[in-house]
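Worksheet: the structure to be examined is printed underneath.
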Amino acid sequence: MQKNTLDYAKQLDQEDPLAHIRREFHIPKDESGKEWLYFTGNSLGLQPKTTQEYIQQELDDWAKYGVEGHFEAKNPWMPYHEFLTETMAEIVGAKPLEVVVMNTLTTNLHLLMVSFYQPTKTKYKIVIESDAFPSDRYAVQSQLKFHGFDVEEGLIEWKPREGEELLHIEDLETIIEEQGDEIALLLIGGVNYYTGQYFDIKRIAELGHAKDCMVGVDLAHGAGNIQPNLHESGVDFAAWCTYKYLNSGPGSLSGLFVHEKHAYKKDLPRFAGWWNHNKETRFNMRQPFDVMPGAEGWQLSNPPILSMAAIKASLDIFAKVGMDALREKSIKLTGYFEYLINQIGSDKIKVITPSDPQQRGCQLSVQVKDADKSLHQKLTENNVITDWREPDVIRCAPVPLYNSFEDVYRMVEILKSLL
Ligand SMILES: *Cc1c(COP(=O)(O)O)cnc(C)c1O
């Protein structure tokens, strides 16, 4: 039985085997030194205390070795991206061959569409969620235009039913049944950024593949949050940023997944640069282009090491904690949060995120009756950091790495007092 008391929240923290991990993060504070109640790890994750030393290591080695740091640095820069692959692959449930860290998210979506959006005159449409993140929508619209198609005709939206917010997989099934022959690609947010709904991506891959459509997922709100089992899901490709749940700093690089079944297709259309050319002969410089197998075969440039150092600092924490333990805490923490929110009463508030833990990550999107942005401002004045979405939704993500049950309790008490 859950209890709506501070003592009970504190007891849950005492029983939480991951409670101590919070101390490995910088928790922002107000001027008087009081910690914020930070619920926006879905937007920008907090900084691990080790990040500074990981970046300092590379600055020191650059100062010490100059260009020789590519080989002589403690963590040589030449293979630096490889140091991230194993943990990143574990986080998203992929094989190391299938994963690389490179570029930023939207850039990667485009590079992946170069390979996996190969429209013909009759099979060219792209399906997205009607509430897709704007950058993904713009990206697919521009791909349609780039290939000479009409955006209105080419873009199919998977929409909620009248008066609802969440999507039904059956409605996607209907879209694919009726228009599958004209659809080239499904690009779905694995966890929808707005509602927090986590889709059955394995089912989506099956539905798409049954009609020869490519299937990609954007895991910006999934990576480090849920366990998408990318390899097993069978999706063709995926990409995600590392500055949300993966705590790697503003604008940090993106992860990219290409399923093993495409790993050795050297003749897939793709863009090239020296970094997806065979490692062995890369520095012979005059060789004809010879693409590397796997996800590394989508790289173009030598990567920014300072940003990768921040990713390494964060991934080392993930490697230590493990996604199984993290997800287990996450389900409890968000469950407690949901319980407390629901105590406020449905006349004032409604959680639009699915109540089934298997259909959501840690984020809850809370619709507040008759609220406007001033509610968000008042929360902020009370040190509660949340994310406001017009017209009336606050998105709140208790992050199991650094949010406590006490955070959640205090946050809901403040919200209640403001309503
Ligand atoms: C955060 C987010 C982005 C941001 O893209 P960048 O290229 O990293 O700026 C894109 N898509 C989704 C779904 C996101 O949640």
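Residues in the stretch 104-116 that are within 16 Å of the chain's Cα centre (by Cα) and open to solvent by 30 Å² or more (accessible area, probe 1.4 Å) were compared, and the one that is farthest from Ile175 (Cα to Cα) is Thr104. Within the stretch 148-205, being acidic (Asp, Glu), in a loop (DSSP other than H, G, I, E, B) and more than 26 Å from Thr334 (Cβ to Cβ) holds for Asp150, Glu162. Of the set (1) at pLDDT below 95; (2) in the same structural domain as Leu401 (by TED's automatic domain parsing), all apply to Lys332 but (1). The combined condition, being open to solvent by 30 Å² or more (accessible area, probe 1.4 Å), touching a residue at least 12 places away in the same chain (Cβ under 8 Å), more than 16 Å from the ligand (Cβ to nearest atom) and assigned to a helix (DSSP H, G or I), is not fulfilled by Phe71.
Show the residue pairs meeting these rules: Cβ distance below 6 Å; 6+ apart or different chains; first residue within the stretch 351-362 and touching a residue at least 60 places away in the same chain (Cβ under 8 Å); second residue part of a helix (DSSP H, G or I). Listed pairs, sorted by first residue: Cys362/Ser330; Cys362/Thr334. Is it the case that the stretch 180-199 has a residue that's touching a strand residue (DSSP E or B) at 6+ places or on another chain (Cβ under 9 Å), of a type outside the set (Gly, Ala, Ser) and more than 16 Å from the ligand (Cβ to nearest atom)? Yes; the residues of the stretch 180-199 include at least one that is touching a strand residue (DSSP E or B) at 6+ places or on another chain (Cβ under 9 Å), of a type outside the set (Gly, Ala, Ser) and more than 16 Å from the ligand (Cβ to nearest atom). So is Asp30 of a type in the set (D, E, K, R) and at pLDDT 95 or above or not? For Asp30, the condition - of a type in the set (D, E, K, R) and at pLDDT 95 or above - is not met. Applying the condition of being outside any loop (DSSP other than H, G, I, E, B) and buried (at least 23 other Cβ atoms within 10 Å of the Cβ) to the stretch 212-232 and asking which residue is farthest from the chain's Cα centre (by Cα) yields Met214. Set side by side, the residues Pro119, Pro134 differ, and just one is surrounded by fewer than 17 Cβ atoms within 10 Å (Cβ to Cβ) and modelled with pLDDT of 95 or more, which is Pro134. Can you confirm whether the stretch 77-91 contains a residue that is part of a loop (DSSP other than H, G, I, E, B), open to solvent by 60 Å² or more (accessible area, probe 1.4 Å) and more than 16 Å from the ligand (Cβ to nearest atom)? The answer is no; no qualifying residue exists.
Mind checking which residues of the stretch 288-307 are touching a strand residue (DSSP E or B) at 6+ places or on another chain (Cβ under 7 Å) and either closer than 25 Å to Leu59 by Cβ or open to solvent by 50 Å² or more (accessible area, probe 1.4 Å) (or both)? If the condition is that a residue be touching a strand residue (DSSP E or B) at 6+ places or on another chain (Cβ under 7 Å) and either closer than 25 Å to Leu59 by Cβ or open to solvent by 50 Å² or more (accessible area, probe 1.4 Å) (or both), then Phe289, Gln299, Pro303 are the ones that fit.
Checked against (1) within 16 Å of the ligand (Cβ to nearest atom); (2) of a type outside the set (S, T, N, Q); (3) part of a helix (DSSP H, G or I), Tyr245 passes all but a single condition, namely (3).
Of Met308, Met292, all but one fail to be away from the ligand (no atom under 16 Å from the Cβ) and over 24 Å from Val140 (Cα atoms); the exception is Met292.
The values are calculated or read from the model by the stated rules, or taken from the named source; none is laboratory data. What you see is a predicted model; the values in this text were computed from it and never measured. Quick reminder, even Gly has a Cβ in these numbers, built from the backbone with ideal geometry, and neighbours come from all protein chains shown. Accessible surface areas use protein heavy atoms only, side chains included; no ligands, DNA or RNA. Shrake-Rupley method; radii C 1.70, N 1.55, O 1.52, S 1.80 Å.
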